[in-house]
Amino acid sequence: MDIKFDKSHQQIITLNIGEVVVVEKEAKVVWTVLGSCISLIMHIPNKFSIISHAQLPHSHHTKYSCKESCPEPCGRHFSEKNSLRNVPCSIDYMLDYIKKRNIYLNEIEVTLLGGASIFKMVNDNESIGRLNINSALKILEKNNIKINRRYVGGMQGISIWYYNSSNRVEILRHEDQKKYELLNDSSLNYLSR
């Protein structure tokens, strides 16, 4: 199963497709690259952060059903690589983990990233990126979870660096190779090229 619990002294953690990383209080950096995939960060101040990298909006885009491809919280033990690649499975897993730690959902600071329309389709609303975004929004809304900041959509991918100790997100936009900090109002602060 691709769930990473970081307890080491490693400075940078690479988040791959279909993985969820739990980072405790120690200062760490989580790095990933997103195209049509999305990353959801759930930060619980002074406790931990949990970050996902999901590839597909739901299970009918894979040969497995969501119940088959999700780990234990969805009702089945499953150890295949990328077992959390579906947006609903990864978010359900994250929420289950948070609830098991006795955290109230209103304590979570949520950041949603990615979902670019990398693959040309007839209609932007039908791109995998847009479907990933909509899938995440639907699940978060169903659970009455507010998104604190977001950087979603577009036509190009991004690289992200997440600093758990400060809940800071840095974004490198692939279209212009400029690096930005994602601020709390979802605006970007230019850092460097």
Among the residues of the stretch 163-193, how many are more than 23 Å from ILE108 (Cβ to Cβ) and among the hydrophobic types (A, V, I, L, M, F, W, C)? 2
For the stretch 1-112, which strands (runs of 3 or more DSSP E) that fit wholly inside it have 2 or more residues that are touching an Asp or Glu at 6+ places or on another chain (Cβ under 7 Å) and at pLDDT 55 or above? 19-23, 38-44, 48-54
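To keep it simple, each residue is scored yes or no on (1) buried (at least 16 other Cβ atoms within 10 Å of the Cβ); (2) part of a strand (DSSP E or B).
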| residue | (1), (2) |
| --- | --- |
| ARG130 | yes, no |
| SER135 | yes, no |
| GLU141 | no, no |
| ILE145 | yes, no |
| ARG149 | yes, yes |
| MET155 | no, no |
| ILE160 | yes, yes |
| SER166 | no, no |
| ILE171 | yes, yes |
Which condition breaks for ILE108 when tested against (1) in contact with a Lys or Arg (Cβ under 9 Å, 6 or more places away or on another chain); (2) surrounded by fewer than 20 Cβ atoms within 10 Å (Cβ to Cβ)? (2)
What number goes with the only condition from (1) open to solvent by 10 Å² or more (accessible area, probe 1.4 Å); (2) in contact (Cβ under 8 Å) with a residue 40 or more places away in the chain; (3) on the phi > 0 side of the Ramachandran plot that GLY115 does not pass? (1)
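Yes or no, residue by residue, for (1) more than 24 Å from SER36 (Cβ to Cβ); (2) not aliphatic (A, V, I, L, M):
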| site | (1), (2) |
| --- | --- |
| ASN148 | no, yes |
| VAL152 | no, no |
| GLN156 | no, yes |
| ILE160 | no, no |
| ASN164 | yes, yes |
| VAL169 | no, no |
| ARG173 | no, yes |
| ASP176 | no, yes |
| LEU188 | no, no |
If ASP185 meets every condition in (1) open to solvent by 60 Å² or more (accessible area, probe 1.4 Å); (2) among the charged types (D, E, K, R); (3) under 21 Å from ALA54 (Cβ atoms); (4) touching a strand residue (DSSP E or B) at 6+ places or on another chain (Cβ under 9 Å) apart from one, which number is that one? (3)
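The values are calculated or read from the model by the stated rules, or taken from the named source; none is laboratory data. What you are looking at is a predicted structure, and each value in this text was computed from that prediction instead of being measured. Note that each Cβ is placed from the backbone with ideal geometry, even for glycine, and that neighbours are counted across all protein chains shown. These accessible areas exclude ligands, DNA and RNA; they are computed on the full protein's heavy atoms, side chains included. Shrake-Rupley method; radii C 1.70, N 1.55, O 1.52, S 1.80 Å.
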